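Below: the structure, in structure tokens.
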Amino acid sequence: MPEQVKVSYYNPPGAPPVLGMYSHVARMQPGEIAFIAGQVSVDGGGNVIGVGDLARQVEQTFANMGAILRDLGATFESVVQFTTYLTDADSIPAWMSARAALFPSGAYPPNTLLVVARLVKPEFLIEVEAIARLAA
């Protein structure tokens, strides 16, 4: 079994306060990293899941991300950074609520949140990409 990768999240005292559920910094020991393409809310057959339902799309998107991380021998605790794309600024509170459920420890990886006009299909409300540190 691969070693557990430790990524530490923190907010330096000289940094401004965070404006959401993220950390300013992720630190890790040198090693192999994976850049994971944006994941969206589709099932194994490529069918869109949760049309019009952000909470359901967050759940499916992170299920897809989790499957990829597992295939790489990693976990969400291995994530160094997320980039999140939402199609509606009014969805930010729902996104924050879903994110809190995904990270109950309150240790959040750095995350850049962007609100965009549209994703690859109009049914998608969220897309998330990640950078993860892999075990040796």
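The values are calculated or read from the model by the stated rules, or taken from the named source; none is laboratory data. Note that the structure is a prediction, hence the values are computed from the model and not measured. Here Cβ is always computed from backbone atoms with ideal geometry, including for glycine, and neighbour counts include all displayed protein chains. All accessible areas refer to the heavy atoms of the entire protein, side chains included, with ligands and DNA or RNA removed. Shrake-Rupley method; radii C 1.70, N 1.55, O 1.52, S 1.80 Å.
Would you point out the residue of the range 107-117, among those that are part of a loop (DSSP other than H, G, I, E, B) and of a type outside the set (Gly, Ala, Ser), that is least open to solvent (accessible area, probe 1.4 Å)? The extreme case among them is Pro109. Considering the conditions (1) closer than 16 Å to Thr61 by Cβ; (2) at pLDDT 85 or above; (3) under 14 Å from the mean Cα position of the chain (by Cα), Ala107 is excluded by exactly one of them, (1).
Counting only residues that are in a loop (DSSP other than H, G, I, E, B) and surrounded by 14 or more Cβ atoms within 10 Å (Cβ to Cβ), how many does the range 89-106 have?
1
Scan the range 118-136 for residues that are within 14 Å of Leu54 (Cβ to Cβ) and open to solvent by less than 70 Å² (accessible area, probe 1.4 Å) and the total you get is 6.
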